[in-house]
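What follows is one structure encoded as structure tokens, with my remarks underneath.
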Amino acid sequence: MNRTGIEGTAAVVTGAGRGIGAAVARALAEDGASVAVVDRDGANAKAVAAGLPGPALACPADVSDPAAVEDLTERAERELGPVGILVNVAGILRPGSALDLDDRDWAEHLAVNAGGVLHACRAVARRMVPRRSGAIVTVASNAARVPRTRLAAYAASKAAAVQYTKCLGLELAEHGIRCNVVSPGSTDTAMQRDLWADPDEGARSAIDGDLAAYRSGIPLRRIGAPEDVADAVRFLVSDRARHITLHDLYVDGGASLRG
């Protein structure tokens, strides 16, 4: 029995070689999707694809390259079938002062975090439109709404990805295609741990907040797990969310104090 509308659907997940992307790929595979595992690190993409419980395809690609994204989408459609789900997770984060931010870091954040979303959405949605169905989710960040010290390029690029996804969703609604956003807060991934000099102290600081950095703590008193984000994604791409589009679901334990 198809419980969610995910079973039998081909899905493309970018940034799926580790962390949140890998958790999303697993969640969709567990629900019966065949998954194209996209990651710039080919070895990670192959390892994740090999471990999924169902048809999977490792697609090494840099989402900032539109030609590479077009090629992987064509391959996914050819080998897995019509793509009905796209989840944009690929991203980079390089902390640094807004004043000292150099042009290269700014451009690369935009190229991957926003440009990658554009390239994947464009390649996949153009194929969804004639079929008049599909679900797209962009995994952004609560930093897209809440200013963060030392994260100007990251926050700006994620804000761009959020608004692009919502504008796309508005245009695609008449074709039966839903576009939503999931915005995590601090989540236990390699990217998050790279920001912590000490894992225990870093986790405590994220939970407690940092007044000097104008950062609130996490009311639920825990760091998120990749699976928390993946569960939000699997809901939004499922038939249970068939009347939800243009939505931004925060999965941050209340850290953004979003009203």
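Some values worked out for this structure:
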quantity: Scan of segment 1-48 for residues that are touching a Gly at 6+ places or on another chain (Cβ under 6 Å) and under 22 Å from residue 67 (Cβ atoms), ordered by number; calculated: 10, 13, 15, 21, 39, 41, 44, 45
quantity: Residue match in segment 106-119 (condition: crowded, with 20+ Cβ neighbours inside 10 Å, within 21 Å of the chain's Cα centre (by Cα) and not in a helix (DSSP H, G or I)); calculated: no
quantity: Cβ pairs under 7 Å, 6+ apart, first in segment 240-259 and touching a residue at least 24 places away in the same chain (Cβ under 8 Å) and on the phi > 0 side of the Ramachandran plot, second surrounded by 19 or more Cβ atoms within 10 Å (Cβ to Cβ) and in a loop (DSSP other than H, G, I, E, B); calculated: 253/185; 253/218; 254/218
quantity: Top-ranked residue of segment 165-182 - restricted to ones that are of a type outside the set (A, V, I, L, M, F, W, C) and part of a helix (DSSP H, G or I), ranked as surrounded by the fewest Cβ atoms within 10 Å (Cβ to Cβ); calculated: 174
quantity: So residue 256, is it more than 29 Å from residue 130 (Cα to Cα) and either more than 13 Å from the chain's Cα centre (by Cα) or among the aliphatic types (A, V, I, L, M) (or both); calculated: yes
quantity: Verdict on residue 153 being in contact (Cβ under 8 Å) with a residue 24 or more places away in the chain, in a helix (DSSP H, G or I) and under 22 Å from residue 116 (Cα atoms); calculated: yes
quantity: Residue match in segment 141-162 (condition: among the hydroxyl-bearing types (Ser, Thr, Tyr), surrounded by fewer than 22 Cβ atoms within 10 Å (Cβ to Cβ), over 21 Å from residue 254 (Cβ atoms) and touching a helix residue (DSSP H, G or I) at 6+ places or on another chain (Cβ under 8 Å)); calculated: no
quantity: Some residue of segment 66-87 being assigned to a loop (DSSP other than H, G, I, E, B), more than 21 Å from residue 114 (Cβ to Cβ), in contact (Cβ under 8 Å) with a residue 24 or more places away in the chain and charged (D, E, K, R); calculated: no
quantity: Residues located in segment 123-150, provided they are of a type in the set (Lys, Arg) and touching a residue at least 40 places away in the same chain (Cβ under 8 Å); calculated: 127, 131, 132, 145, 148, 150
quantity: Segment 83-117: number of residues that are touching a helix residue (DSSP H, G or I) at 6+ places or on another chain (Cβ under 7 Å) and more than 23 Å from residue 230 (Cβ to Cβ); calculated: 8
quantity: Test: residue in segment 218-227 that is under 14 Å from the mean Cα position of the chain (by Cα), over 21 Å from residue 7 (Cβ atoms) and crowded, with 20+ Cβ neighbours inside 10 Å; calculated: yes
quantity: Residues being polar (S, T, N, Q) and either in a loop (DSSP other than H, G, I, E, B) or exposed (fewer than 15 other Cβ atoms within 10 Å of the Cβ) (or both) - total across segment 88-102; calculated: 1
quantity: Any hit, segment 125-134, residues being in a strand (DSSP E or B), surrounded by 21 or more Cβ atoms within 10 Å (Cβ to Cβ) and over 13 Å from the mean Cα position of the chain (by Cα); calculated: yes
quantity: Hits in segment 27-51 (condition: of a type in the set (D, E, K, R) and either within 14 Å of the chain's Cα centre (by Cα) or not in a helix (DSSP H, G or I) (or both)); calculated: 31, 39, 40, 41
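Bear in mind that the values in this text are calculations on the coordinates, not laboratory data. These figures come from a predicted structure and were not determined experimentally. With ideal geometry, Cβ positions are generated from the backbone for all residues, glycine too; neighbour counts draw on all protein chains shown.
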